[in-house]
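Down below is the structure, laid out as C-alpha cells.
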Amino acid sequence: MTNNLQNMNKSVTPEMTKSEVTYSPNVDIVETEKEIVLTSELVGVDEKNLDVMLENNVLTITGKMKDEKLEDYELIYSEYRPVKYERSFTISDEFDKKKLKATLKNGLLTVSIPKAEKAVAKKIAVKTL
Amino acid sequence: MYLFNKNLPTFFETLERVTREFEDFTNNYSVSETTAPKINLYRGKDGVVLTAKVAGVDPKDLDISIVGQTVTIKGNYKSEIDKEKASFHRKEIKEGNFTRTLELPFKVEVDKVEAEFDSGILKINMPQADSDKPKKIAVKSK
C-alpha cells in the first residue's frame, strides 16, 4: 500500500492538479507522404489566448476560451462554460520541427510538420545485371 | 518475497487505465456531442442571445432559420483532409451534418435577428417581437 501511495504521484495525470477546469481538446492526426498534420478543436480561443510550444520533442498546445459574459444579460441555460485547453504530444525525430507551421481558423488549430528529408521514403531503383 | 507479482499493474494504474478507457468511450459515443452543438442561452430585457460551439464549420455553411418561436441551426462539420492520400493516427473530431432546434418562450422579431461567428462560436441575438411583449394596461377609474 505504501508503495502504491508513493506511485500515486507518478500515475495521477497532471490535469488533476490544475486550479482551472482543463480540457484535453479533440484532435485529428493525419500523416501524408510528406508531412504530419495535427488538427485540434479549440473553440472560442483566439490568437492572443493560444500558445503552441515546442520544447525538445514535446509539442504542447494550451488555449483559453474567451469569457462569454454579456452585459445586461443573464445566463439562463448552459451546456458549456469557458475552459482551458491543454494537450501535449511527443514528436519523433522523423519530423523537421523547425519547419512547423500553425494556423488557427474557425476554432480549429492546424499544426503541420514536414517529414525530415532523411525520413521521406525513397524508391530505390533495382538494377538488373 | 512479494505477495503480488511486481510486474502486475498496481491498483492505481488499473484505475487510471479504466478511467481513461471510459472517457474515450463516452467521448466517442456521446450522441449529443456528435449530432448537436452545445449551446448557452442568455436572457436580456429585449430578448435572448444564443451561443453555440461549432468548431470547424465554415460560417457560409451555417443555416439559421427562425419560424415563430422555433430556432433551427443547421451546419456541416467539414474535413479538409484528403482521405485517400492520408493515414489517420487519431480521429477524434466529429464530421458530418448537424441540426439543433430550440423552442423559445416568445416570438422572435425576425427582421432584427443578428448572427455573428467568431473562432468557432456562433452568437445569435434574437429580440422578442413587439407583438409578443407584455402590454401594460391602464386602468380607468370612475
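The values are calculated or read from the model by the stated rules, or taken from the named source; none is laboratory data. Everything quoted here is computed from the prediction, not taken from an experiment. Cβ coordinates were reconstructed from backbone atoms using ideal geometry, including for glycine residues, and neighbour counts include every protein chain displayed. Accessible surface areas use protein heavy atoms only, side chains included; no ligands, DNA or RNA. Shrake-Rupley method; radii C 1.70, N 1.55, O 1.52, S 1.80 Å.
Looking at the range B:104-126 only, could you name the residues that are more than 12 Å from chain A (Cβ to nearest Cβ) and farther than 12 Å from residue B:50 by Cβ? Within the range B:104-126, B:106, B:107, B:109, B:110, B:111, B:112 qualify.
When you go through B:37, B:9 one by one, which is the residue that is at the interface with chain A (Cβ under 10 Å from one of its Cβ atoms), modelled with pLDDT under 80 and in a loop (DSSP other than H, G, I, E, B)? It would help to see each step written out before you state the result.
Numbers: B:37 fails: modelled with pLDDT under 80.
From the options B:37, B:9, the qualifying one is B:9.
The residue that is farthest from residue A:105 (Cα to Cα), among those in the range B:97-108 that are over 14 Å from the mean Cα position of the chain (by Cα) and loosely packed, with under 13 Cβ neighbours inside 10 Å, is B:105. Restricted to the range A:30-112, the set of strands (runs of 3 or more DSSP E) holding at least 1 residues that are at the interface with another protein chain (Cβ under 9 Å from one of its Cβ atoms) and within 26 Å of residue B:77 (Cβ to Cβ) comprises A:35-41, A:74-78, A:101-105.
Condition check ((1) in contact with a Ser or Thr (Cβ under 7 Å, 6 or more places away or on another chain); (2) among the hydrophobic types (A, V, I, L, M, F, W, C)) across all residues:
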position	(1), (2)
A:74	no, no
A:87	yes, no
A:91	no, yes
A:95	no, yes
A:99	no, no
A:103	yes, no
A:107	yes, no
A:110	yes, no
A:114	no, no
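Within the group A:66, A:122, which residue is touching a helix residue (DSSP H, G or I) at 6+ places or on another chain (Cβ under 8 Å), basic (Lys, Arg), more than 17 Å from residue B:90 (Cβ to Cβ) and open to solvent by 50 Å² or more (accessible area, probe 1.4 Å)? Going through A:66, A:122 in turn, just one is touching a helix residue (DSSP H, G or I) at 6+ places or on another chain (Cβ under 8 Å), basic (Lys, Arg), more than 17 Å from residue B:90 (Cβ to Cβ) and open to solvent by 50 Å² or more (accessible area, probe 1.4 Å): A:66.
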